[in-house]
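Have a look at the structure below, then the notes.
The values are calculated or read from the model by the stated rules, or taken from the named source; none is laboratory data. The shown structure was predicted, so the numbers you read here are calculated from the model rather than taken from an experiment. Positions of Cβ are generated from backbone atoms using ideal geometry, with glycine treated the same way; all protein chains shown enter the neighbour counts. Ligands, DNA and RNA are stripped out before the accessible areas are found, and what is left, the full protein with its side chains, is counted by its heavy atoms. Shrake-Rupley method; radii C 1.70, N 1.55, O 1.52, S 1.80 Å.
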Amino acid sequence: TDVKKFILPKSIKEICFEAFSESGIESIEIPYGVELIGTYAFSQCSALKEVTLSKSIKHVDKKAFSNCSKLKTIIIPAEVEYISNDAFYNNSNLTIYCYKDSPAYYYATTNDLKYAIIQPPDTSELDTLLDAYNTLDRNKYLEESLAQLDEAVSNVDFTKTVITQTEVDEWTANIKTC
């Protein structure tokens with residue numbers, strides 16, 4: 001086939017037996033929603049260089065990516081629960097990018113394959129900010145904001161039909177910011 005890159009529709013839940021086997025595909029993006037890559041799904045795709053797996057993949061079946069001689073890298077999300085012991089059979093150029101202690105990590109080390117550990121992002125600063133946000137007394141800030149708003153508009157003459165920019169500027173200057 002002449003298809004070089006293929007993007008699956010999001011409605012697909014599994015890639016079945018030999019779905020792309022022996023095709024000329026060079027790149028595939030497997031969307032969120034796909035949970036299973038079936039037996040021989042991409043077997044003998046000699047032009048396949050790039051595979052993007054989504055976090056919804058749970059199961060990579062027997063020889064799913066076997067004999068893909070140009071496949072050099074694959075990133076396997078931590079969410080993958082099972083990889084058949086021969087899923088990447090006969091791919092000597094392959095490096096598996098995976099998270100430490102994930103099923104992909106154990107797969108790579110057990111099968112003596114090249115791998116690289118993906119470092120999860122440091123979220124400690126974000127966690128600190130979220131903790132601070134979650135401990136805020138929102139009612140206190142709401143009451144203070146309403147009081148400031150009430151004070152800012154207390155001198156407004158609502159019987160006027162024309163309001164000048166100067167008056168608007170004076171009102172907004174009286175509103176305190178947090």
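Checking each residue in the range 67-81 for being of a type in the set (Ser, Thr, Tyr) and either part of a strand (DSSP E or B) or open to solvent by 70 Å² or more (accessible area, probe 1.4 Å) (or both) picks out only THR73. Does THR164 fit the bill of being open to solvent by less than 80 Å² (accessible area, probe 1.4 Å), of a type outside the set (A, V, I, L, M, F, W, C) and modelled with pLDDT under 80? Spelling it out, THR164 is indeed open to solvent by less than 80 Å² (accessible area, probe 1.4 Å), of a type outside the set (A, V, I, L, M, F, W, C) and modelled with pLDDT under 80. The combined condition, being loosely packed, with under 14 Cβ neighbours inside 10 Å and either modelled with pLDDT of 80 or more or touching a Lys or Arg at 6+ places or on another chain (Cβ under 8 Å) (or both), is not fulfilled by ASP157. Each residue in the range 4-63 was checked for being part of a loop (DSSP other than H, G, I, E, B), in contact with a strand residue (DSSP E or B) (Cβ under 9 Å, 6 or more places away or on another chain) and hydroxyl-bearing (Ser, Thr, Tyr), and 2 of them qualify. A count restricted to the range 21-36 and to residues that are under 17 Å from TYR89 (Cα atoms) and either in contact with a Leu (Cβ under 8 Å, 6 or more places away or on another chain) or among the hydroxyl-bearing types (Ser, Thr, Tyr) (or both) stands at 1. Looking only at residues in the range 24-44 that are of a type in the set (S, T, N, Q) and touching a Phe, Trp or Tyr at 6+ places or on another chain (Cβ under 8 Å), the one that is surrounded by the most Cβ atoms within 10 Å (Cβ to Cβ) is SER43.
Yes/no per residue for (1) buried (at least 19 other Cβ atoms within 10 Å of the Cβ); (2) over 22 Å from the mean Cα position of the chain (by Cα); (3) within 29 Å of PRO9 (Cβ to Cβ):
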{"residue": "SER46", "(1), (2), (3)": "no, yes, yes"}
{"residue": "SER56", "(1), (2), (3)": "no, no, yes"}
{"residue": "ASP61", "(1), (2), (3)": "yes, yes, yes"}
{"residue": "PHE65", "(1), (2), (3)": "yes, yes, yes"}
{"residue": "ILE83", "(1), (2), (3)": "yes, no, yes"}
{"residue": "TYR89", "(1), (2), (3)": "no, yes, yes"}
{"residue": "ASN93", "(1), (2), (3)": "no, yes, no"}
{"residue": "CYS98", "(1), (2), (3)": "yes, no, yes"}
{"residue": "THR109", "(1), (2), (3)": "no, yes, no"}
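Checking each residue in the range 111-135 for being under 30 Å from ASN90 (Cβ atoms) and open to solvent by less than 100 Å² (accessible area, probe 1.4 Å) picks out ASN111, LEU113, TYR115, ALA116, ILE117, ILE118. Tell me which residues, restricted to the range 46-93, are within 19 Å of SER27 (Cα to Cα) and among the polar types (S, T, N, Q). If the condition is that a residue be within 19 Å of SER27 (Cα to Cα) and among the polar types (S, T, N, Q), then SER46, THR52, SER54, SER56, SER66, ASN67, SER69, THR73, ASN90, ASN91, SER92, ASN93 are the ones that fit.
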